[in-house]
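There's a structure below that I have some questions on.
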């Protein structure tokens, strides 16, 4: 089937088989391997991208379903080769990543939260992160990075 | 971990969609959000020959209150209903339950109609619908019909719907003004399948409970309405003793099976404990709302 969509502000036109997952379309057809594939049944969150702005599991939809839609992946976040978004910079500052496998998915979910303009509590950030498995960091740095990007002050020490 | 081959159709009307399903000899499957169906397909637990994508069908995305029900179009995303100001006002049990449905990224795509039609006994939305005594509007080649929640859920992942019928609208009875509601569940991790969950809504007049809706989920093959617990609350204020008595009646009425995450006894006890937590919250919310 012929599909036409916008990926990271670039127009893309392709022929795809109906059963091709959006995650595999991004990685294999377009070569955007920043979107990682972990569990392929919606649990781990590594493949999360944004579909018309909403954080979405790319392993839980077919590429044909992205026809005439807008998809943003982690590659589209940074404004330039050596520049980072404030969210990405906060991840580096707070050691919010180690091996980096889960990071792209978390960044895409967190970017939706940051852009919403809401001021979440740390508990709400943790609730958001319940949809993302990280086996390295213990999450504390990730929570702090997202908190900073959402404009929260540092966590008061207990 | 890749789905097997299928034909794909994206119809532009509900008539076209049901005609496609009717012509598929039971091998067709409607997809809405796909947050339950696609995992099953990736794991090859489901291998439909035809996928009929409802996302192109117009008119299934309304959220409106008609004075009796909150009518929710089948394609409304769970996240949108969770954040709906109208839903919060007229069926506050919905946002309370929806926070437990998967994760933000799955609720962004998962639909209300899809969750109801999937009929997972551990899913929150079927429990809300059954507890409040709601209904669904269903469309098929033989026309439209309304099915009450009490008749809809037959067993695990099985509803009264024919293979060529589609849920168009889900009707949740308004339980806003005068009512208070609460939802409680225990799951191994936030967003994971519940081991046990309870939903309740109480209408309070003059300090006494005059109507009660109580249900439990993930403890049977369908969401359960707990009639005896409801009846026990009518005509009195909800104090600690009344909550304990109703919770005990609820525990007696459920007969869960044991599993990896808990024995039958543990899950029955969870229903009791969760209701002891939920009932006072619901009562307090009703009192608060009447001020």
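The values are calculated or read from the model by the stated rules, or taken from the named source; none is laboratory data. Since this is a predicted model, take the numbers as computed values, not measurements. Here the Cβ positions follow ideal geometry from the backbone for every residue, glycine too, while neighbour counts run over all protein chains shown.
Regarding residue A:38, is this residue more than 10 Å from every other protein chain (Cβ to nearest Cβ) and in a loop (DSSP other than H, G, I, E, B)?
yes
Further, regarding this structure: Please go through region A:99-158 and pick out each residue that is touching a strand residue (DSSP E or B) at 6+ places or on another chain (Cβ under 9 Å) and assigned to a loop (DSSP other than H, G, I, E, B).
A:131, A:132 - these are the residues of region A:99-158 that are touching a strand residue (DSSP E or B) at 6+ places or on another chain (Cβ under 9 Å) and assigned to a loop (DSSP other than H, G, I, E, B).
Give, as residue ranges, the strands (runs of 3 or more DSSP E) completely inside region B:1-119 that count at least 1 residues that are within 29 Å of residue A:125 (Cβ to Cβ) and more than 8 Å from chain A (Cβ to nearest Cβ).
In region B:1-119, B:63-65, B:69-73 are the strands (runs of 3 or more DSSP E) which contain 1 or more residues that are within 29 Å of residue A:125 (Cβ to Cβ) and more than 8 Å from chain A (Cβ to nearest Cβ).
Would you say residue B:107 is crowded, with 24+ Cβ neighbours inside 10 Å and modelled with pLDDT of 95 or more?
Criteria met by residue B:107.
Out of all the residues in region A:41-71, which are more than 9 Å from chain B (Cβ to nearest Cβ) and more than 22 Å from residue B:55 (Cβ to Cβ)?
Scanning region A:41-71 gives A:44, A:46.
I've got another one for you. I'd like to know if region A:95-118 contains one or more residues that are closer than 27 Å to residue B:37 by Cβ, touching a residue at least 60 places away in the same chain (Cβ under 8 Å) and away from chain B (no Cβ under 14 Å).
yes
Does region A:41-66 hold any residues that are within 18 Å of residue B:10 (Cβ to Cβ) and either part of a loop (DSSP other than H, G, I, E, B) or without any contact (Cβ under 8 Å) to a residue 40 or more places away in the chain (or both), and which are they?
Result: A:51, A:52, A:56, A:60, A:61.
When you go through B:239, B:255 one by one, which is the residue that is more than 15 Å from residue B:131 (Cβ to Cβ), surrounded by fewer than 19 Cβ atoms within 10 Å (Cβ to Cβ) and over 24 Å from the mean Cα position of the chain (by Cα)?
Only one candidate passes the filter, namely B:239.
From the list B:75, B:45, B:93, which residue is surrounded by fewer than 18 Cβ atoms within 10 Å (Cβ to Cβ) and modelled with pLDDT of 95 or more?
Matching residue, one of B:75, B:45, B:93: B:45.
Quick test of your reading of the structure: residue A:126 fulfils all but one of (1) under 18 Å from the mean Cα position of the chain (by Cα); (2) within 30 Å of residue A:29 (Cβ to Cβ). Name the failing condition by number.
Checking residue A:126 against (1) under 18 Å from the mean Cα position of the chain (by Cα); (2) within 30 Å of residue A:29 (Cβ to Cβ), the one that fails is (2).
If residue A:27 meets every condition in (1) within 14 Å of chain B (Cβ to nearest Cβ); (2) surrounded by fewer than 23 Cβ atoms within 10 Å (Cβ to Cβ); (3) part of a strand (DSSP E or B) apart from one, which number is that one?
Status for residue A:27: all satisfied but (3).
Here's something else I'd like to know. Hey, does region B:161-171 have a residue that's in a loop (DSSP other than H, G, I, E, B) and either touching a helix residue (DSSP H, G or I) at 6+ places or on another chain (Cβ under 6 Å) or at positive phi (or both)?
yes
Restricting attention to region B:3-15, report how many residues are surrounded by 12 or more Cβ atoms within 10 Å (Cβ to Cβ) and free of Cβ contacts under 8 Å to residues at least 24 places away in the same chain.
Residues in region B:3-15 being surrounded by 12 or more Cβ atoms within 10 Å (Cβ to Cβ) and free of Cβ contacts under 8 Å to residues at least 24 places away in the same chain: 1 in total.
What do you reckon, is residue B:156 in contact (Cβ under 8 Å) with a residue 12 or more places away in the chain and within 14 Å of chain A (Cβ to nearest Cβ)?
Judged against the criteria, residue B:156 is not a match.
Scan region A:74-95 and give yes if some residue there is in a helix (DSSP H, G or I), in contact with a helix residue (DSSP H, G or I) (Cβ under 6 Å, 6 or more places away or on another chain) and surrounded by fewer than 20 Cβ atoms within 10 Å (Cβ to Cβ), otherwise no.
Yes.
Go through region A:7-24 residue by residue and tally those that are under 15 Å from residue A:75 (Cβ atoms), in contact with a strand residue (DSSP E or B) (Cβ under 7 Å, 6 or more places away or on another chain) and in a strand (DSSP E or B).
The number of residues fulfilling the criteria is 2.
Kindly indicate whether residue A:64 is buried (at least 20 other Cβ atoms within 10 Å of the Cβ), under 14 Å from the mean Cα position of the chain (by Cα) and at pLDDT 95 or above.
no
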